Every structure is written in structure tokens, then in C-alpha cells.
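Student: Dumping the structure here so I can ask a few things about it.
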Amino acid sequence: MTALFAGLGYNLILLAETVRVISHLPRRWAAFIQQIETSAFGGFPVAMIVAIFSGMVLALQSGLALRNYRQEASIGGLVAATMCREMGPVMTGYILAGLIGSTMAAELGTMKVSEEIDALKVMSINPVSYLVLPRVVAMAIVGPLLTIYTDIVGIFGGGVVGKTVLNVDFSLYFRNAMNILDLKDIYSGLFKAVIFGITIALVGCSQGLRAENGAAGVGRATMQSVVTSFIAILIFDYLLTLFFYH
Amino acid sequence: MIEFVDVYKSFGRHPVLAGFNLRIERGETFAIIGRSGCGKSVTLKHMVGLLKPDRGKVVVDGAEVSTLEGAALERVRRKFGFLFQGGALLNSLSVEENLGLPLREHHLADEAEVTKRVTETLELLELRQLEKVMPADLSGGMRKRVALGRAIITRPEIILYDEPTTGLDPIMANVINDLIIRLKERFKITSVVVTHDMKSTFKVADRIALLYQGKIIRTGTSNEFQTSTDPYLLQFIKGTTEGPFQDEDELKLKSTLSTPGGRAGTIKSNK
């Protein structure tokens, strides 16, 4: 329990310090762009596969159930709303936590155990400004961008199932999706994606910066960053859903 | 100019520094020797505020480093260059980017001047045409020399060397030793060298201190250490297993090692 609160405290302090040095971002522009490239290009292929199959399964399961009530034509709205509100941001969050958050933890953890972080401090270079800030801001942007991509691909996947399995025309599917989909569905999902992105980057960086005891410690930090990010996404997802829809 | 006053530091229940007192004067090359794991690197890290003592104080040029934070600590750190044991080069940056990092980050020079200083530093270190090479592609000796270049490029007043010759072949170790001497002669730098390489120690050091059981138990000049008949020094310098140094697990803390007031004994000359 002590370790849990210590970790939470460290993350909050890291967040506060990152916000304090936000004005340093222009100096970190090259690193920030590199992080955007790594996160986005790293996440796109996996996001496409996960999204298309998630949309297809969602359409199939819900469509088959709705068919009992001759309401299969409604799957467009159901898939679109579910993807935008929940599945898009959450799946994107899990993908980024597994791919990018773990990479951040491993990279910073390796730097920590090989004294590169200490070297930065001795050179009076703030490690939060130099390493954490570009990563957090990059993920705050990549999170929602990748979520938009995931939403679109997932909705499209649902449309393919609608046409091929449930005999729901694409035009009917997408018309239903547009009728049901609310602006709130979209912005609530994107807001979640921003929060998830920031959380994943902070958790990855904080685990890396606290790594100890060589390669074993880096491995532990990497694993812990994924686990902690997954749990944090679930908790924030619930709280934000409550906030937007209760 | 660097002073440790009754410093205590433990990690968990393991005491590393216990009543540690030391004074290093400006302009000298001071070596701290001792057994592996005795607290030599911990001592260096206290000087730059990477570690804070549990008790006591560390003073650098009148500033109590042990209590400083933020901008005040950064001002003290800018007096230092630090050669870490493994070099600690940033692996994502090339040799040129590693060397130029402190200059660019603190706007100490424009790009033309940075390029000039990087080239000069590489010349001094006998590393030419390596600007675009990544640290992973360098040999151990080259990495150490590049790391030394990064430590000196801002012209610091004090350089800390953490095991500068460990892991190097005898020829490369001597290259590093010669660089340490040349830097002192050329730039009048104060150097603190932490090592258990006695050959290097006797070559570069003006004064030497032996760290044992968390405190300095002997200090003296290089010549005094080489000619001493003190049993601790004899055992450490010769590397024999028989002698007053004992396995830390079997050892009881005794007060016989320390003179009254906790200050280290000085070596008597054999002349």
C-alpha cells in the first residue's frame, strides 16, 4: 500500500513538474516531433487491425441480437456511438500503453541505470524538461489522433459486417450512424483519449526514471508501466464516463 | 574548497558514510581510494548534490550543497564536470551532439563556436573524425574519452572522475592518466579521482585518502603513501588478502580506527 501511494505521489509530482516546464516545449521541438512520429507510426498498424476486428465483432454480436427484433438496421448508430464513446479511446489507450508506454519506460529506465539521467542533472539539464515533456505532449496529441483513426476504421469494419452478414446496406448503415451520433459522443471520446495519452506517457516515464538494479529493474519498470497504465485507463474511463453522461 | 563535515549516509540499514570528513583544496588532484563498495562513488555524488547526506554537510566554495535545490544547486553544479564510470553518454545522440549538449542547453556558445569547441576537444582527446559516430559504435576507451570531453568542454573548475581507468587496457588507462595531468596543467582544474587503480593513483594524484568503514582513515601525499609502512596502506596497495582489512560481515565497528574527533590520521613520512 505504501508503494502504491508513493508511486501515485511521484506521478503527481512529475505531472506538476511537467506542467511547470511547459514553456520549454519550443526548445524540445525536435524531440517532440520525433516522439509524435514514433508514437503515431508505431501505433497505426496495430490500431488498424484491432479497430477493424473490434468494429466487426461489435456489429456482428449486436446485429444478431437485434435481428430477433428486426432492428438490425440500427447497428450503424450502435457501432458508431460505442466506438466513439468507449471502444475507440480505450482500445487506442491499451495499444499505446503496450507499444509506446512500455518503450518509454524501457528507454528511460536504461538511461537511469546507466547514469545518463544523473549526467543530465550534473550538467544542470532538467530531465523532466529534456525527456518527459516532449513525450507527454506528444502522447496528448497522438492519443486523440489515433482514436479518430480507430473510430473510423472500427465503424467501417462494422459496416462491412452489416453488408455481408446482416444485409444492411452501407448507405443505411452510415445514415443510421450519422443520425444517432452526437457531438458529445465524439468530444467525450477524444477528451478521454487526451487523458489516456498523458497518463500513459507519465506512467511510462515515471517507471523508467525510478528503475534500479540494472536490466532486471528495467524489465520490471517496463512491465509495471503497462500494468499501471491499463488500470489507470480503466479507472479514468469510468470516472470520465460518469462525468460526461451521469 | 570542497569540504565534508561529519557526513553520514545510509541506504536502508546499510551505512556507507559514517562520520566522513574530508577537505580538498583548489587546484589539487585528489584521489580517494578504497575497497569496492566502500562509498567512493557515493562521495562523488554528494559533491554535486545527486545524493544528500542523512547528517552533516557538504560545502563547495562556501555553498552548502547538501541543502541546496533548484537554481542555487544548478549554479554550483556548473562548476563541475563529471566523468561517470561507464561514461554515461546519451546513446540517442552522436559524439558531436553529446559534446555540444551542455553548450547548447545553456546557450554558452553560438553554433559556430560549439563546432569549434567540439573539434578542439576531440583533438585534445586524440579522437578525430568521430563527430557523427554513435556511442554504441565506440570502443570502451573511446567512450570514456568522449565522456571526458563532455565533462571538460564547458571549462569547469572541478572535474570528478569515477573510476576513470576501470575496464581499460593498460595503454588506454595511461592515455586517460596523461589526459588528467594535461588538463590540470593546461586549465588549472581541481580534480577528484575515485579509483582502486593504484598505478593511476600514484601517477596523477597530489594527495590521496583511504576510505574505509565510512570514513577517511589515512591521508597523505602520493610519495608518503608509496613509502608508508602503515599496515592498511600496505595491504591495499599490494592487494594482499592478509591484513587489517576484514570482511564487512565479520567486522564490528571499532573506534580504534579513528583518532579523537573523528579526523583521519596523517601519514608519517619514512624519511
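Laboratory data are not the source of any read-out in this text; all were calculated from the coordinates shown. Bear in mind that the values here come from a model prediction, so they are computed numbers and not experimental data. So basically every Cβ, Gly included, is an ideal-geometry build from the backbone, and we count neighbours across all protein chains shown.
Student: Please arrange B:Asp110, B:Asp54, A:Asp237, B:Asp197 by counting, for each residue, the other beta carbons lying within 10 Å of its beta carbon, fewest first. Walk me through the intermediate numbers first.
Tutor: Numbers: B:Asp110 11, B:Asp54 15, A:Asp237 18, B:Asp197 21.
In increasing order of surrounding Cβ atoms, one gets B:Asp110, B:Asp54, A:Asp237, B:Asp197.
Student: Could you run the Karplus curve 6.51 cos²θ - 1.76 cosθ + 1.60 with θ = phi - 60° over segment B:145-153 and give me ³J(HN,Hα) per residue in whole Hz, x for Gly and Pro?
Tutor: These are the phi-based 3J(HN,Hα) values: 5, 5, 4, 5, x, 5, 5, 9, 5 Hz.
Student: How high is the relative contact order of segment B:90-155, given as a whole-number percent (alpha carbon pairs under 8 Å, six or more residues apart)? Walk me through the intermediate numbers first.
Tutor: Details: 60 pairs, mean separation 32.4, N = 66.
Reported relative contact order: 49 percent.
Student: Return the FRET efficiency for the residue pair B:Thr166, A:Leu234: r is the Cβ-Cβ distance, R0 is 51 Å, and the value is rounded to the nearest 0.05.
Tutor: Efficiency at R0 = 51 Å is approximately 0.60.
Student: Sort A:Phe196, A:Phe44, A:Phe5 by Cβ crowding within 10 Å, fewest neighbours at the top.
Tutor: With the fewest neighbours first, A:Phe196, A:Phe44, A:Phe5 line up as A:Phe5, A:Phe44, A:Phe196.
Student: Could I ask something else about it? To the nearest 20 debye, what charge dipole does chain B have about its Cα centre, counting +1 at the Cβ of each Lys and Arg and -1 at the Cβ of each Asp and Glu? All intermediate terms of the calculation are to be shown ahead of the outcome.
Tutor: Working: 39 positive and 35 negative charges, 136 e Å.
I would put it at about 660 debye.
Student: Quick one: which residues, 5 or more positions from B:Ala31 or on another chain, have an amide H under 5 Å from its amide H? H modelled 1.01 Å from N in the peptide plane, none for Pro or chain starts.
Tutor: It is B:Val193, B:Asp206, B:Arg207, B:Ile208, B:Ala209, by chain and number.
Student: What residue among A:Gly109, A:Gly208, A:Gly77 shows peak mean-square fluctuation when chain A is described by a Gaussian network model with Cα springs under 10 Å?
Tutor: Greatest mean-square fluctuation among the candidates belongs to A:Gly77.
Student: Pick out the long, greasy-scoring helices in chain A: whole DSSP H runs spanning 30 Å or more along their own axis by Cα, mean Kyte-Doolittle at least 0.5.
Tutor: Qualifying helices: A:29-67, A:133-164, A:183-209, A:214-245.
Student: In deg cm²/dmol and to the nearest 500, what is the mean residue ellipticity at 222 nm of chain B if only DSSP H runs of at least 4 residues count, each as -39500 (n - 2.57), divided by the residue total? Could the numbers behind the result be given before it?
Tutor: Numbers: 9 runs with 93 residues, N = 271.
So the helix-based figure for chain B works out to -10000 deg cm²/dmol.
Student: Let me ask something else. Work out the charge dipole of segment A:35-240 with +1 on the Cβ of Lys and Arg and -1 on the Cβ of Asp and Glu about the Cα centre, then indicate which of A:Leu66, A:Leu99, A:Val227 is farthest towards its positive end.
Tutor: Among A:Leu66, A:Leu99, A:Val227, the one farthest towards the positive end of the dipole of segment A:35-240 is A:Leu66.
Student: Calculate, for B:Tyr8 and A:Val19, the FRET efficiency according to 1/(1 + (r/R0)^6) with r their C-beta to C-beta distance and R0 41 Å; round to the nearest 0.05.
Tutor: Result of the calculation: an efficiency of 0.70.
Student: Still on this model: Under the Karplus relation 6.51 cos²θ - 1.76 cosθ + 1.60, θ = phi - 60°, what is the ordered set of whole-Hz ³J(HN,Hα) values for segment B:4-11, x standing for Gly and Pro?
Tutor: So the Karplus estimates, Gly and Pro as x, are 9, 10, 6, 8, 10, 8, 10, 10 Hz.
Student: Of A:Phe174, B:Phe20, A:Val142, whose Cα points farthest to the positive end of the dipole of the protein assembly as shown (charges on the beta-carbon: +1 Lys, Arg; -1 Asp, Glu; origin at the Cα centre)?
Tutor: Of the candidates, B:Phe20 comes out farthest on the positive side.
Student: How high is the relative contact order of chain A? Use alpha-carbon pairs under 8 Å, at least six apart in sequence, and give a whole percent.
Tutor: 33
Student: OK, next. Averaged over its residues, how many other protein chain Cβ atoms are within 10 Å of peptide A:103-114's Cβ atoms?
Tutor: Working: counts 0, 0, 0, 0, 2, 0, 0, 1, 4, 0, 1, 8.
Whole-number average of other-chain Cβ neighbours for A:103-114 is 1.
Student: Projected onto the charge dipole of segment A:125-246 (+1 at Lys/Arg Cβ, -1 at Asp/Glu Cβ, origin at the Cα centre), which of A:Leu183, A:Gly154, A:Leu202 gives the Cα projection farthest towards the positive end?
Tutor: Going by the Cα projections, it comes out as A:Leu202.
Student: Cut-off is 10 Å between beta-carbons; in what order do A:Cys84, B:Cys38 appear when sorted fewest neighbours first?
Tutor: Listed from fewest to most nearby Cβ atoms, that is B:Cys38, A:Cys84.
Student: So which residue, out of B:Thr195, B:Thr115, B:Thr154, gets the largest mean-square fluctuation from a GNM of chain B using Cα contacts under 10 Å as springs?
Tutor: B:Thr115
Student: Here's something else I'd like to know. Could you sort out which of B:Lys52/B:Lys238; B:Lys144/B:Lys199; A:Lys112/B:Lys238 sit more than 30 Å apart by Cα distance in this structure?
Tutor: Too far apart for the 30 Å limit: B:Lys52/B:Lys238; A:Lys112/B:Lys238.
Student: Please tell me the relative contact order of chain B in percent, rounded to the nearest whole number, where contacts are Cα pairs under 8 Å and at least six residues apart. Present the calculation step by step, with values, prior to reporting the outcome.
Tutor: Details: 480 pairs, mean separation 62.8, N = 271.
Once normalised by length, the contact order is 23 percent.
Student: Straight-line reach only, C-alpha to C-alpha below 14 angstrom: list the aspartates and glutamates that B:Lys132 could link to, leaving out same-chain residues fewer than 8 apart.
Tutor: Within the straight-line cut-off, B:Lys132 pairs with B:Glu96, B:Glu97.
Student: Nothing charged except the Cβ atoms of Lys and Arg (+1) and of Asp and Glu (-1): what's the magnitude of the dipole of segment A:79-128 about its Cα centre? Round to the nearest 20 debye. Intermediate results must be reported in sequence, preceding the final value.
Tutor: Working: 3 positive and 5 negative charges, 38 e Å.
So the magnitude is around 180 debye.
Student: Which of the trypsin sites (Lys or Arg not before Pro) across segment B:147-231 are loop residues per DSSP, with 15 or fewer other Cβ within 10 Å?
Tutor: B:Lys188
Student: In degrees from 0 to 90, rounded to the nearest 10, what is the angle of the helix B:170-187 Cα long axis to the longest principal axis of chain B?
Tutor: 80
Student: Mind checking which of B:Glu105, B:Glu126, B:Glu113 has the largest fluctuation in a GNM of chain B, springs on alpha carbons under 10 Å?
Tutor: So, out of B:Glu105, B:Glu126, B:Glu113, the one fluctuating most is B:Glu105.
Student: Amide H to amide H, which residues 5 or more places from B:Ile159 or on other chains are under 5 Å from it, using H placed in the peptide plane?
Tutor: Residues meeting the amide H criterion: B:Gly81, B:Thr190, B:Ser191, B:Val192.
Student: Taking the Cα centre of the protein assembly as shown as the origin, how large is its charge dipole in debye, to the nearest 20, when only Lys and Arg (+1) and Asp and Glu (-1) carry charge on their Cβ atoms? It would help to have the intermediate numbers written out before the result.
Tutor: Values: 54 positive and 49 negative charges, 169 e Å.
Dipole of the protein assembly as shown, to the nearest 20 debye: 820 debye.
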